[in-house]
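The values are calculated or read from the model by the stated rules, or taken from the named source; none is laboratory data. What you see is a predicted model; the values in this text were computed from it and never measured. Glycine gets a Cβ as well: all are built from the backbone with ideal geometry, and neighbour counts include every protein chain shown. Remember, those area values only see protein heavy atoms, side chains included, never the ligands or the DNA or RNA. Shrake-Rupley method; radii C 1.70, N 1.55, O 1.52, S 1.80 Å.
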Amino acid sequence: MATTTTKREVASGRIYVKASYNNTLMTFTDERGNVLAAASGVRMGFKGPKKSTAYAAGLVAKELLTRMAPYAVQSVSVFVRGVGGGRESSIRALNVPGLTINSVKDVTPIPHNGCRPPKPRRI
C-alpha cells in the first residue's frame, strides 16, 4: 500500500536554504509562505561540525524532495541565505527530473555601513 496520495495540489512553491557554519536548513513553502515541508542536518542524524558539510546538505535536499512529493510540485524558486558549505550542493541536489527551478536568488543579509567603530583608547 505504498501509493502516493496528494495532500494538496501545489503547482509552484519556494525553497528557502539557510546554510550557516553550524547547520543547513531547508524549508519548502507555497507561494503565500505557508511552510509545507522542512529538513535539516540535525534531522538527518549529523552531529557536530558534520551538520554543515556539503554531503549533509545534499542529503538534506533529497530528504526535502521526498517530503515535497505528496504536494505534486512542478516548479520552485530557490532563496539561499548564509555562507556555509552547503550552499552549492543543496542547489545541485534539487536538480531532479520533474522539478523546474525558476530562479535561484541569494538573500544573504549584508550590512550597509556596519557597527560604529570603538572610540580611540585614552592612555
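Assorted remarks:
- Region 71-96, subset part of a helix (DSSP H, G or I) and not charged (D, E, K, R), residue farthest from THR108 (Cα to Cα): TYR71
- Screening the candidates SER90, SER40, SER103 for the property of being of a type in the set (Ser, Thr, Tyr) and open to solvent by 20 Å² or more (accessible area, probe 1.4 Å) yields one hit, SER103.
- Positions within region 11-23 being more than 14 Å from PHE79 (Cβ to Cβ) and modelled with pLDDT of 90 or more, in sequence order: SER20, TYR21, ASN22, ASN23
- Options GLY114, GLY82; residue that is farther than 12 Å from ILE15 by Cα and open to solvent by less than 20 Å² (accessible area, probe 1.4 Å): GLY82
- Inter-residue pairs, beta-carbon under 8 Å, first part of a strand (DSSP E or B) and in region 105-123, second small (Gly, Ala, Ser) and surrounded by 10 or more Cβ atoms within 10 Å (Cβ to Cβ), 6+ apart: LYS105/SER77
- For region 86-123, filtered to residues that are among the hydrophobic types (A, V, I, L, M, F, W, C) and over 16 Å from the mean Cα position of the chain (by Cα), the residue that is nearest to PHE46 (Cα to Cα) is ILE110.
Here is a yes/no grid of residues against (1) at pLDDT 90 or above; (2) in contact with a strand residue (DSSP E or B) (Cβ under 9 Å, 6 or more places away or on another chain):
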| site | (1), (2) |
| --- | --- |
| ARG32 | yes, no |
| LEU36 | yes, yes |
| THR53 | yes, yes |
| ALA57 | yes, yes |
| GLU63 | yes, yes |
| SER77 | yes, yes |
| GLY86 | no, yes |
| SER90 | yes, yes |
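- Of all residues assigned to region 58-70, none qualifies as being open to solvent by 50 Å² or more (accessible area, probe 1.4 Å) and in a loop (DSSP other than H, G, I, E, B).
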